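The values are calculated or read from the model by the stated rules, or taken from the named source; none is laboratory data. This one's a predicted model, so the numbers in the text were calculated from it and none came from an experiment. Only protein heavy atoms, including side chains, enter the accessible area calculation; ligands, DNA and RNA are left aside. Shrake-Rupley method; radii C 1.70, N 1.55, O 1.52, S 1.80 Å.
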Amino acid sequence: MKTFSERRYEIWTMQSAYHNLLPTIDGVMQAPGPEFAARDVTCQADDSGVTYSLDIAGAYPPEAGLQRWQRTIRLVRGQYVEIADDYALDHKPHSLTLGLLTPCSVESAESGIIRLGTRPITPERPSGSATITYDAAKFSLTVETIAIDDRQLRGVWGDQLFRIVFTVNHPQQQDTFAVRVAR
């Protein structure tokens, strides 16, 4: 079985490009192994929300050229979750993408707004729904449909997932951006 072999990272579900909002820099994804880990992790929580921050640069191999990728995830209870990135590379990248997988229907009719709609995952269970806001000047979007043919995955995610690919327009050596998810 490929899942438990040296070839496991050939499977899309094992690749960081298919894990929510992890960057792919010039085609380079997060690397496997315990030596590739985030650093400087902090978490603060109170009644109004939670802020979780970490530098994910250490999770990437040297060819990604990451000097720093500070990710801050902020939950404002009852309102939204914001994922904010502040990064520095050792070069100006040719391409920089972030992927977001969802079982929800995807509609991006308005610039800077994605509506995730409820759809059946299994006969007994529908997906949720949400609105994603992003800086349309910084990102271009594509939406891919991923057919689920694995029986175990289908039981969790239904017959298909949608992958929203946020492509950074004119990626810079250093930059900041954020994506916000609300009900």
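I need the shape label for the range 105-183. Rule: rounded when a/c is under 1.5, else prolate if a/b > b/c, else oblate, with a, b, c from the alpha carbon gyration tensor. Before the final figure, lay out the partial values.
Values: a/c = 2.83, a/b = 1.90, b/c = 1.49.
It comes out prolate by the Cα gyration axes.
What translational diffusion coefficient, to the nearest whole µm²/s, does the range 11-94 have by Stokes-Einstein, given a Kirkwood radius computed over alpha-carbon pairs, a temperature of 25 °C and 0.890 mPa s viscosity?
In µm²/s, the coefficient is 176.
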key: Per residue value of the accessible surface for the chain (all protein chains in place, 1.4 Å probe), Å²   = 57 Å²
request  = Calculate I(q)/I(0) for the chain by the Debye formula, one identical point scatterer on each C-alpha and no solvent, and give its log10 at q = 0.15, 0.16, 0.18, 0.19 Å⁻¹ to two decimals.
outcome  = -1.02, -1.15, -1.38, -1.45
ask   = Hey, any idea what % of the range 118-176's accessible area is carbon plus sulfur with a 1.4 Å probe?
value = 50 percent
